[in-house]
Structures are given as C-alpha cells and as structure tokens.
Amino acid sequence: MLYLLASVLCSAMLCSAQQNPEVDSLIAETKVYLEIYSSLSPFGEVEAYTDIGLPERDIATLRLDSEEYEYIGNDSIESFEIISYIQSCIELHIRKIVRRADLNQCDLVEIFKDYQIGVVRSSDGKLYNFSLDEKTGGSYRSRLSWMHYTELETDTLDLTLNDGESSPESPYYTFETNGYHRIDTLHSGDQIKYVLTGSVLGCTACFLTYVEMVKFENGQFINEFYYSVESRSWETEVVFDLENKTIKADYLTDDLTTDCGCEVRSDFENGNYDYSQDEEPEYDLECHCEFVFDGENFVEVGETVK
C-alpha cells in the first residue's frame, strides 16, 4: 500500500509547479481509490479491508457508520457496500479537484489515462465528462457520469456533477447519464456549441450509440440535437466528422430498431413523427442517415435503405 501511494504521488505531479499542493494530494488519493475500485467485483460477497488495501481512515469511517452499511464487520464489508462507498469517495475527490485545480495547468485527461475512469475534455478545455463503470453486476454496463463546466459561477459548483438523478434545475440535466467518449466544439456566430458522442452496452447484445449537440445559455445547457441508434450489432456506427461537420449513421434493422429512419429526438417531442407511416418490421435492412451542420443546427441531408 505504501508503494502504491508513493507511486501515485509521483505520477500526480502533472500539474503546474504553481498548482496548490492540496490538488496534488487529492489526485494521489483519487488514484488510490481508483486502484481499489479496479480490484472490486460485484460478483463477490465479502471484502476484507486488508485484501483491498483500504486506507485506515476509511476503515475507521466505515466502522463508525456500521449501522448505515449492511453486512459490515470489524475487518470486512459486503462487496456492493464497499463498491458504493468507493464510488462516493471518487466522486467527492473529483468534485474537490475540479473546484480547486487550475484546469489550464492541470491535465486531468493525462493524469488519469491509466486508470479505470474516463476523462473527456472538450477541445476548448471548458467542458469535462468523468465516467466510471457502475459495477452493478448485470449485463447492462451502466456508467456513473459527472459533468463539469469551467464557466459556471462558483455558487453553482454543487451542481457541476450529474449523478443520473439530477433535477431539471441542474445545469447538466440534458446530458446522457452514461457519459461520453468524445466532446467536440462548433462555432455558431460568436457562440460555442458542443457535440458529444457516446455509447453504452445495454445487455449482452444491446448497443446504444448516441450523439448530442448542446449550447450553454443563461446558466443552463440546452439540447439542440440528439440522435441515437439501438442495435444488436457492435458494428453499428453513429459518427461525427468534425472536419466536414457531418453526422453519419449506419446500421442494420433488427428487433431493437425495426425500421430505417432519420428521426431525431425533437421529431418525437414536437409531435412531428408520423406513426401512420409505420410498416411491418423488416430485419437486416441496411440503413444510412446523414446530417450536416448548417451553422445553427444539424439538418438531414440523406437517408438511404438497401
């Protein structure tokens, strides 16, 4: 455990020398929790504190709060309980890091690249997504996802992380709860818009891929475009091409997506989808949808079926 702590302390020094030393300490502690988290399994029953290398301060905390945690003993704890506890420790530390670090001088993407936490940063360096395997034990590989935007005022920092249960008042209410693997920026006049792409494994053979465009206005992120495909095939693609400012989707129809179509979320929300045109499902059709950014939003420019 001492070796692990020493190694993460050294590797944490990727922030500027002017950075608050407290930030380096927070990063080192976060890495310890991430190392512990990577060793935990939702399929276990009981975890011994000494086996997982839990710091003494956390052992003391758990012992004091033994009524809150089920199946806790003096030297061990039920697997799901320790998974939940370590998740809360990681979230708390991420909250503290983004509040206290100068993110222009502290490369969190590089710092956590070798750890089992996804850190994605927009190309303008202002919008972040942190995501972590939730370890629920099921075939749905849900992720805990937290958003952070550097332009939010200090008094809204308590809302900078989205735990999937945020209220509509949260600045981050519009975002996908399973996180993203890429955040790009587009210019619309003097405004920046963010294009986020992500995916999640919904079951052993259920793949959801999505792309979303948002803008930040009056203290809130507003969704302007959302398109997704749910498919049985891992080869399904929903791709944003930054150079050409296009979104292309290619997939085969199946029992999850039974027909070809380029309808986006707004079509359903605004009542523009014509359900009378629905036909009997035909599987294994090759579907292609294409959208292009017109300076304000993405508009459909092509739909083909084979």
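No value in this document is a laboratory result; all are computed from the given coordinates. All figures in this text were calculated on a predicted structure; none of them were measured in a lab. As a convention, Cβ positions derive from the backbone with ideal geometry for all residues, glycine included, and neighbour counts pool all protein chains shown.
Across segment 224-247, the residues whose backbone nitrogen lies under 17 Å from the label position 7 Å along the beta-carbon direction of T258 are 230-232. Taken one residue at a time, the phi angles of segment 74-83 give Karplus couplings (6.51, -1.76, 1.60, θ = phi - 60°) of 5, 10, 7, 8, 5, 4, 5, 5, 6, 4 Hz. Gly and Pro are set to x. For the pair N20 and D284, the difference between a 0.36 nm per residue extended length and the Cα-Cα distance amounts to 89.4 nm.
Rounded to the nearest 0.05, the FRET efficiency derived from the C-beta distance between K96 and N244 at R0 = 25 Å is 0.05. Excluding residues fewer than 8 places away in the same chain, name every one of the lysines whose C-alpha is closer than 30 Å to that of K193. In chain and number order, the partners are K96, K113, K126, K215, K245, K248.
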